[in-house]
Every structure is written in C-alpha cells, then in structure tokens.
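Engineer: Sharing a structure below in structure tokens format, with a few things to ask.
Computed from the coordinates by the stated procedures, all read-outs in this text should not be read as laboratory data. All of these numbers come straight from a predicted model, not from anything done at the bench. Reconstructed Cβ throughout: ideal geometry from the backbone, glycine too, with neighbour counts over all protein chains shown.
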Amino acid sequence: MLTLNRIALCQLADLPVGLGRAFEVDGKPIAVFRTRAGKVFAVDGICPHKGGMLADGMLSEESVVCPYHAFKYDAITGECDQQGTCAIETFPVDVTDAGIFVTI
Ligand code: FES
C-alpha cells in the first residue's frame, strides 16, 4: 500500500524568490522554489538529463531551469521542454501560516 507523508519543510520567508532550495525528504532530494507572488513548487532534486542539482537552478515563470544545460521543466506537470528527456516528479505543496508542507 502506498503511504503519503506530509512533511514540514520551512517557513515561506526561508525560500528565496525565484531561486531553489534543496531539501531531503525520506532520503529523497527535492528542490523547492518560490515565485514572487508567493506560490511554491516542489520537484525532484535531480535532473534526469545528466544529474544536475535542480535546487541550484532558477525559476522562469512556472518552470524550473536546470543549472547545467538549461533544460526547462514545468513546475506543475514536470514535463521537460526537450524532446526525449523524461519528466521530473512534482509534489503537492501546502503553504500555511504554520509553514510549507510537501506531500511525498
Ligand atoms: S543536467 Fe540538467 S539539463 Fe543537463
């Protein structure tokens, strides 16, 4: 049976606008991004192309840009803008007064 965990990450103010921050949840690296409007996305921490650390990338509108070769991943669907590159996993995020929670 699949079990989902809702994990507290940090406060909204702890996330830099437009840049990524790395977390490890249950041994899995994830990258978390905050838009200027306060929307938060959580995605796989590792780029499937050649292993770039996506938390070192940046946000372009609602896409995560890998720091290695600038492939873009939709932060909601995980789809890549390059043909032949698989999508990344994305995770639901709750932004509350108590902090930011990700469900994995
Ligand atoms: S490693 Fe991410 S685009 Fe190449």
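Engineer: Filter region 75-101 down to the residues that are surrounded by 13 or more Cβ atoms within 10 Å (Cβ to Cβ) and under 10 Å from the mean Cα position of the chain (by Cα) and list them by number.
Structural biologist: Across region 75-101, the qualifying residues are 75, 78, 88, 89, 90, 91, 93.
Engineer: Anything in region 42-64 that is more than 18 Å from residue 25 (Cα to Cα), surrounded by fewer than 19 Cβ atoms within 10 Å (Cβ to Cβ) and among the aliphatic types (A, V, I, L, M)? List them, or say none.
Structural biologist: 58, the sole residue that qualifies.
Engineer: Let me ask you something else. Could you grab me the full set of residues in region 85-99 that are under 21 Å from residue 9 (Cβ atoms) and assigned to a loop (DSSP other than H, G, I, E, B)?
Structural biologist: 88, 89, 92, 97, 98
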